[in-house]
Amino acid sequence: MSTTSTTSGPAGRRSSHRKDGPVRDGSSRRKDGAPRKDRGGLARLGPLPWIGPAVLLIALVVLWPVYEMVRTSFLRISSSGFVRGSAGFDKYKQLFAEPSLPSVVLSTVVWTVVVVGATMLVSLALAQLFNQRFPGRRVTRWALIAPWAASVVMTAIGFKWMLNQTAGVLNTLMTDLGLIDGPRDWLGDPATAWPWMMFVAVFVSLPFTTYTLLAGLQTVPGEVYEAARVDGAGPWQTYFRITLPLLRPAFLVGVVINLINVFNSFPIIWSMTHGGPDSDTATTTVFMYQLKNSDIGQSAAMSVVNFALVVVMVVVFLKASRWNQEES
């Protein structure tokens, strides 16, 4: 209920003022009686001034290259870079007619599944280890950052030198130990090149994934484990029924990031084998680069297909993992 007060003006007139009514400048009053001013200027735009630069950066760095990639795939471009007109869907027809494409796609799937799977398993074990207290834990945590801090190209070239047929330390060591009869070309044979490249890919992926899972483990409250011990749960029951379910958000982040990085991995394969011989050790990303030397439009078409494969792969994984649904 509002209250009304009466005052006597200079001419003896009586005027009334409502304490909670609107004031003459058009602004309303707050509950405490103070006038509420209308929001204006930048305030009316909400969060747009803050997220605007990020949106602009994404548009320039991500959306514009994607647009140019798709546009280029429909053009006929000479080896010197001059546009010779529209090519329609000819570049896609040529791409799907490539005899190496099926084996490259299969190799890409195997490469991605093996590297991501091995990375997650080893990182899970390392994260569980680093979450325990033991002498030298801080030093080992720092040591794990080394593969992450070093350049991926530098790491790949270092392993390439180690595996060199004539001067590689691996051939020398294995020959001295009598494990092999003579030097082997480890990177010249796809049967041995793929395992070594997968090993390097796992090696450089471990730091990020391990620290992601370690951060997830450290968010699990200790009271949950104490309650499990009181209920009589054993170590394995506690791990599978408490640790892993609570680690699920961090695990999903690690899987998705690794899926994208490993699928698009270029420096490791190109630095170690250049995708050869021919395209026997190439993934779709490396194969796309190989096509650039012969047909830029066809390479752009492979880029579009590669981009679509990444999107489909991530969406299928997130759908299958039900990442946005709470556990019952």
Subject >> Cβ-Cβ under 7 Å pairs, at least 6 apart or on other chains, the stretch 289-307 side over 17 Å from Phe266 (Cβ atoms), far side among the basic types (Lys, Arg) and open to solvent by 10 Å² or more (accessible area, probe 1.4 Å) >> reply: Gly297/Arg76; Gly297/Lys91; Gln298/Lys91; Ala301/Lys91
Original post:
Does the stretch 234-250 include one or more residues that are over 24 Å from the mean Cα position of the chain (by Cα) and of a type in the set (Lys, Arg)?
Top reply: yes
**OP:** Would you be able to say whether some residue in the stretch 174-191 is without any contact (Cβ under 8 Å) to a residue 40 or more places away in the chain, open to solvent by 60 Å² or more (accessible area, probe 1.4 Å), assigned to a helix (DSSP H, G or I) and among the basic types (Lys, Arg)?
**Re:** no
Original post:
Do we find a residue being open to solvent by 70 Å² or more (accessible area, probe 1.4 Å) and out of contact with any helix residue (DSSP H, G or I) (no Cβ under 6 Å at 6 or more places or on another chain) anywhere in the stretch 202-216?
Top reply: no
Original post:
If only one of Val310, Val316 is without any contact (Cβ under 8 Å) to a residue 60 or more places away in the chain, of a type in the set (Val, Ile, Thr), loosely packed, with under 14 Cβ neighbours inside 10 Å and assigned to a helix (DSSP H, G or I), which one is it?
Top reply: Val316
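Please determine whether any residue of the stretch 135-158 is of a type in the set (Phe, Trp, Tyr), over 15 Å from Val204 (Cα atoms) and surrounded by fewer than 19 Cβ atoms within 10 Å (Cβ to Cβ).
no
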**OP:** State all residues of the stretch 285-307 that are over 14 Å from Ala87 (Cβ atoms), part of a helix (DSSP H, G or I) and not hydrophobic (A, V, I, L, M, F, W, C); if no residue qualifies, say none.
**Re:** Thr285, Tyr289, Gln290, Lys292, Ser303, Asn306
**OP:** Taking the residues in the stretch 98-122 that are of a type in the set (Gly, Ala, Ser) and touching a residue at least 24 places away in the same chain (Cβ under 8 Å) as candidates, determine which candidate is surrounded by the most Cβ atoms within 10 Å (Cβ to Cβ).
**Re:** Ser107
**OP:** Select, from Phe203, Phe240, the only residue that is assigned to a helix (DSSP H, G or I) and in contact with a Phe, Trp or Tyr (Cβ under 9 Å, 6 or more places away or on another chain).
**Re:** Phe203
Original post:
If you go through the stretch 47-77, how many residues are in contact (Cβ under 8 Å) with a residue 24 or more places away in the chain and not in a helix (DSSP H, G or I)?
Top reply: 5
Original post:
If you scan the stretch 171-229, which residues turn out to be among the polar types (S, T, N, Q), within 23 Å of the chain's Cα centre (by Cα) and within 30 Å of Lys160 (Cβ to Cβ)?
Top reply: Ser205, Thr209, Thr210, Thr212
Subject >> Residue that is farthest from Arg241 (Cα to Cα) [pool: residues in the stretch 280-302 that are open to solvent by 20 Å² or more (accessible area, probe 1.4 Å), modelled with pLDDT of 90 or more and not acidic (Asp, Glu)] >> reply: Gln290
**OP:** May I ask you to list the residues in the stretch 46-97 that are out of contact with any Gly (no Cβ under 7 Å at 6 or more places or on another chain) and open to solvent by less than 50 Å² (accessible area, probe 1.4 Å)?
**Re:** Gly46, Gly52, Ala59, Val66, Glu68, Met69, Ser78, Gly81, Gly85, Gly88, Tyr92, Leu95
Subject >> When residues of the stretch 250-279 are limited to those that are open to solvent by 20 Å² or more (accessible area, probe 1.4 Å) and modelled with pLDDT under 90, the one nearest to Pro99 (Cα to Cα) >> reply: Asp278
Original post:
Do the conditions hold for Trp186, that is, is it at pLDDT 90 or above, in contact with a Gly (Cβ under 8 Å, 6 or more places away or on another chain), among the aromatic types (Phe, Trp, Tyr) and more than 19 Å from Gln128 (Cβ to Cβ)?
Top reply: yes
**OP:** Kindly check whether there is at least one residue in the stretch 249-256 that is touching a Ser or Thr at 6+ places or on another chain (Cβ under 8 Å), assigned to a helix (DSSP H, G or I) and without any contact (Cβ under 8 Å) to a residue 40 or more places away in the chain.
**Re:** yes
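The values are calculated or read from the model by the stated rules, or taken from the named source; none is laboratory data. Here the structure is a predicted model, which is why all the values come from computation and not from measurement. Don't worry about glycine lacking a Cβ; one is built from the backbone with ideal geometry, like all the others, and counts go over all protein chains shown. What goes into the accessible areas is simple: the full protein's heavy atoms, side chains included, and nothing from ligands, DNA or RNA. Shrake-Rupley method; radii C 1.70, N 1.55, O 1.52, S 1.80 Å.
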